[in-house]
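Notes follow the structure.
The values are calculated or read from the model by the stated rules, or taken from the named source; none is laboratory data. Note that the structure is predicted; figures quoted are calculated from it, not measured. Using ideal geometry, Cβ is built from the backbone for each residue, glycine included, and neighbour counts are taken over all protein chains shown. To get the accessible areas, we keep the full protein, side chains included, count just its heavy atoms, and leave off ligands, DNA and RNA. Shrake-Rupley method; radii C 1.70, N 1.55, O 1.52, S 1.80 Å.
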Amino acid sequence: MPSSLHGVDKSRWNAAIPLPADVGFFFVRASYGLTADPRAADHLAVCCTAREVVLGLYHYLATGPNAASPEEQASFFVLVSQHLTGGPFMLAVDCEPIDPAHPDDPARVADFLVRFVRAAQTKAGRPIGVYLGGNYARALPLPVELAASPLWLADWTPPWDVPPPWSEWTIIQAGVKGGIDRDEFAGTPDELRA
């Protein structure tokens with residue numbers, strides 16, 4: 001049976017409390033749009049000092065009509081990430097509708113996502129994971145090139161249906177425990193860092 005690594009992800013909406021004992025990886029929202037998450041440094045200080053965990057930072061992609069370009073957002077995210085940690089092992093972009101009742105144009109969202117990933121990978125010199133809910137991802141015209149990015153799939157109901165263009169997920173956000181999003185990675189800490 002392959003090993004499994006438990007993780008959590010937090011943003012400004014979560015209290016900066018110590019990580020549960022079973023957590024082996026931890027994502028913190030670093031930025032959204034062109035704004036740094038005001039709780040990111042607190043989460044990193046409180047949650048990552050007691051023991052070693054695989055660290056990741058993510059950016060919440062703004063796609064609305066007044067949003068900064070994806071290239072500007074990618075540059076800002078990489079800069080904030082370097083400032084927070086000197087360069088974490090994992091970086092990701094969170095792409096989800098701000099208002100599910102009135103989502104942005106799917107073609108615009110897909111374009112922003114692809115351009116953000118390209119720009120962030122170039123700036124950071126490492127792969128950028130993509131966080132998407134399965135149903136939302138299936139509504140977007142996502143190009144095949146995104147399949148090269150690790151998929152962090154938000155799907156709380158197994159069996160997990162991986163959306164195209166991916167054939168498998170890397171990380172699954174499969175629920176909430178204690179008010180914190182809980183994630184799983186089917187592998188070891190070294191595999192997750194790779």
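Here is how the numbers come out for the structure above:
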item	result
Simple spin-label estimate for Thr122 and Arg138 in nanometres, 7 Å along Cα-Cβ	3.4 nm
Simple spin-label estimate for Arg115 and Leu79 in nanometres, 7 Å along Cα-Cβ	1.8 nm
GNM result for the chain, Cα springs below 10 Å: residue of Pro65, Pro158, Pro103 fluctuating most strongly	Pro158
Test item: Cα-centred dipole of the chain, Lys/Arg +1 and Asp/Glu -1 on Cβ, debye	380 debye
Selected from Gln173, Gln82, Gln121 as most flexible by GNM, with the chain as the system and alpha-carbon contacts under 10 Å	Gln82
Linear extension gain, Thr35 paired with Ala147, 0.36 nm per residue minus alpha-carbon span	37.5 nm
Amide proton proximity set for Ile98, modelled H, under 5 Å, gap of 5+	Asp104
Pair Trp13, Glu191: separation of 7 Å Cα→Cβ label points (nm)	3.0 nm
Contact order normalised by residue count of region 60-194, Cα under 8 Å, 6+ apart, percent	20 percent
Carbon/sulfur fraction of accessible area - region 39-155, other protein chains in place, 1.4 Å, %	56 percent
Most mobile listed residue (Gly33, Gly179, Gly133) in the chain, GNM with C-alpha springs under 10 Å	Gly179
Relative compactness, the chain, computed as alpha-carbon Rg over 2.2 N^0.38 Å	0.96
D (Stokes-Einstein, µm²/s), Kirkwood Cα radius, region 86-194, 1.567 mPa s at 4 °C	88 µm²/s
Region 142-194: GluC sites (Glu not before Pro) in DSSP loop, at most 11 other beta carbons within 10 Å	Glu168
